[in-house]
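A short reminder: the numbers here are calculations on the coordinates, not readings from a lab. Bear in mind that the values here come from a model prediction, so they are computed numbers and not experimental data. FYI the Cβ positions are ideal-geometry reconstructions off the backbone, even for glycines, and counts take in every protein chain you see.
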Amino acid sequence: MNFAFSEEQEFLRNEVRKLLDTRCGLPQVRELAASPEGYSLELWGQIGELGWLGLTIPEAYGGGGLGWEELVILLEETGRHLFPSPLISTLLCAEAITRFGNDAQRQRWLPDLAIGSRIGTLAFLEESDHWSADAVGLCARRDGEGLVLDGEKRFVQDIAAADLVVVVFRCDAGELRIAVIESGSDGVSVQSREPIDATKRFGDLTLSGVRVPPDALLEGGGSATQQIQEILQLGALATASEIVGTAEGALALTVQYAKDREQFQQPIGHFQGVKHPLAETYMEIETLKSLVYFAAWALDNGDDGVALATSQAKAYASEVITRAGVTGIQLHGAVGYTLEYDIQLYLKRSKWARPMYGDEIHHYERAATLGGL
Amino acid sequence: MDFDFSPEEDAFRARVQSFLDAHLPSEFDARDPDFLKQWNRALGEAGWLGFAWPKEAGGGGATIIEQFILKEEMSARRAPPLGSDFMGLTWVGPALIEHGSDEQKQQFLPELLAGESCWCTGYSEPGAGSDLASLSTRAERDGDDYVVNGQKIWTTLAHVAKYIFMLVRTESSSRYGGITCVLIPMDSPGIEIQPIPNLSGEVSFNQVFFKDVRVPVASRLGKEGEGWRVVVGALANERSGISEATEKLRHIEDLEELARKVMRGGRPAVEDPEVRRKLASFRTRIAAMRLTGMRHLTNQLQGRRPSSETSINKLLRGQLEIEMDAFAMGLLGTQAQTQGRWQYLSLSYHGTVIGGGTPNIQRNIIAERILGLPKD
């Protein structure tokens, strides 16, 4: 038993942190958030070269062949820096292809995703707004050898930037299917939506007679329902990992403010009304880390407890980030309510992070069922 | 990271399980003194009291992982506690091993391990509770003795203890540097014990009065004026001892059982989505508490001493106690006002939450020592 990251893993954390500290401080985050694309193509290319994007892609397909323990470290740091990029979306697309694609499909798509020359995403949610395989209603019709899609997907992350879209739908008698479509295909249109957190972009995807050729279907091993749950689980774990860093970032900013700001002739951090909520946030973040790290280990090691551990991690993460955002604003007082101070950026991020891949209501119910209730 | 246990550790787990098969009846009365005596003797023979203490101190020389496994397996079968002397085994013994003289180790450790002594802890005073360092029970040097005068309060088990592990003031001008730790037999002349009924009506803690109690200088633990150093380590052990997840795991199992039995609107409460979410949220935090404990054990394996981080689980446990009780009382509805097991727990858990430092004290420790905010 050993519940600590290795030296190599700590080295990775330092490297990621160093680069983001210099290249993506909060002033740059604000600039990028105000830009049309919402992320830096240059920085994206650079992290692609550094291997961040392909961290968990097998080496045979141009990736780093590492696991989720390493990925959690990377995502903690991107979360801490509010790093705006289509990282999680591209990661989920690559995971779907790695896990459920055949060799030809992996050869075709993964090397580009690993270096970031193509951007991926997952189109899952629909009108029903439920993160579960049963909620998929989009239906394909047969046309000759292939399938044709007509319908909508909502809240598709980074869809404006994406080249490859993993789409989940039904066909024939309602069986679930997963396919990779190119966003430039005929009949694909995107309506970007205005986010509260401009560092996280998304939009609705309209599919009008979009053809899905047979070689676009990901059909490897296991039932499609299971595969979809697996991908959603990865999304939940990725989001929970970013939440750890984001909550730590919000806490660090607020602790610093409590040390600097003086009232009644002393730093406000002297007062228990200020220090106690900060201590509570710290306790919650440490508690969350334990859940997230264990879930990553369980995932990498094929442990039976991975589904429960992931739901526990994301449920608790959703609660923690919501409270950390509010606590940060409240302890800043009036300046926390301004656009000028940075703490608002974390509050806005919490609006994205809480619901993505399932909020606490969704994941506690799932945890209850998985735990035998 | 690696959450798997080694083959040796798995083999040890199997050994604990067969011990339990052999020595723990399927039904037993955990308050029956004869049974407990027999149980503790069996534990002693197996070498499982002070299991992770060094062999030269009379302990089992086991790893802290083996001790973790031992506690988990014992708890999973709801076995009685590992030894009757919780305070002695959890923090007095380790403090003796770290700071004690050879004579002190020889005098106290064998009987502690044999379950023949029982320790209490003299920290709080009427004027020094959360502000422990303001304690004023005096110890004045007179030849080879200290002469102790003053009063301790909330002294758990003082009415049955053989010895007290306590803090006294040897120097009034230095707040922390004037504190010294001494070990005193409870039958020393000049000690008077007055039990204080707790809110359940039971006696768990006491007031202890010291009038000209003579304590040989040789009974001092550590150097004069270094008592605070001794107690910070002891408190870290106390906080992590109080906050092991095993007990909470049994608590949530019972709470789930209650939710299956109790009806709400004609259906078992466990079918209510809000009840399910609550139970899952408790389970989640208890799982996290166990994992955080494992992270802290890893720190210890890497050579770091338990310290302020023990306040994390102590604070979390306090919150769980309060929320889980409120939830249980809600499930019971009007039954909450009668006498029963859950209702008893509803009164008694406050002791666990306050003991070892209130939640606000844990928040202070985290805020000041970990986050570096200004001290109160």
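Quick rundown of the values:
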item	result
Percent antiparallel among DSSP beta bridges (both partners in the protein assembly as shown, rounded to 5)	85 percent
P(r) histogram, all alpha-carbon pairs of chain B included - 10 Å bins from 0, percent	5, 21, 31, 27, 13, 3, 1, 0
Selected from A:TYR337, A:TYR357, A:TYR282 as most flexible by GNM, with chain A as the system and alpha-carbon contacts under 10 Å	A:TYR337
Difference of contour (0.36 nm per residue) and Cα-Cα distance, B:SER174 to B:ILE322	49.5 nm
Global form of segment B:105-245, assessed from the alpha-carbon gyration tensor, a/c cut-off 1.5	rounded
Pairwise centroid distance, computed over Cα atoms, of segment A:1-51 with segment A:239-256, Å	15 Å
Ellipsoid semi-axes in whole angstrom, largest first, where each is sqrt(5λ) of the Cα gyration tensor of the protein assembly as shown	54, 29, 24
A:GLU145-A:ILE196 FRET efficiency (beta carbon distance; Förster radius 60 Å; 0.05 resolution)	0.85
Segment B:5-27-segment A:68-126 distance, computed between alpha-carbon centres (Å)	45 Å
Angle between chain A longest axis and helix A:306-332 axis [Cα atoms, degrees, rounded to 10]	40 degrees
Candidates B:ASP29, B:ASP254, B:ASP212: whichever shows maximal mean-square fluctuation once chain B is modelled as a Gaussian network with Cα springs under 10 Å	B:ASP29
Spatial separation of Cα centroids for segment B:241-262 and segment B:307-376, in angstrom	15 Å
Karplus 3J(HN,Hα) series, Hz, for segment B:261-275 with 6.51 cos²θ - 1.76 cosθ + 1.60 (x for Gly, Pro)	7, 6, 9, 9, x, x, 10, x, 4, 5, 8, 6, x, 5, 5
Amide proton proximity set for A:ARG193, modelled H, under 5 Å, gap of 5+	A:PHE202, A:GLY203, A:ASP204
Shape metrics for segment A:224-370, restricted to C-alpha atoms - Rg then Dmax, Å	17.0, 63
Degrees between helix B:310-332 axis and first principal axis of chain B (Cα, 0 to 90, nearest 10)	40 degrees
The protein assembly as shown - charge dipole about Cα centre, Lys and Arg +1 at Cβ, Asp and Glu -1, debye rounded to 20	1580 debye
Estimated vicinal HN-Hα couplings, Hz - segment A:157-166 in sequence order (Karplus 6.51, -1.76, 1.60; Gly, Pro = x)	5, 6, 5, 5, 8, 6, 9, 10, 10, 7
Rg ratio (alpha-carbon, reference 2.2 N^0.38 Å) - segment A:279-328	1.22
Most mobile listed residue (B:ARG138, B:ARG175, B:ARG283) in chain B, GNM with C-alpha springs under 10 Å	B:ARG175
Sites B:ARG77 and B:SER348, calculated FRET efficiency, Cβ-Cβ separation with R0 30 Å, nearest 0.05	0.85
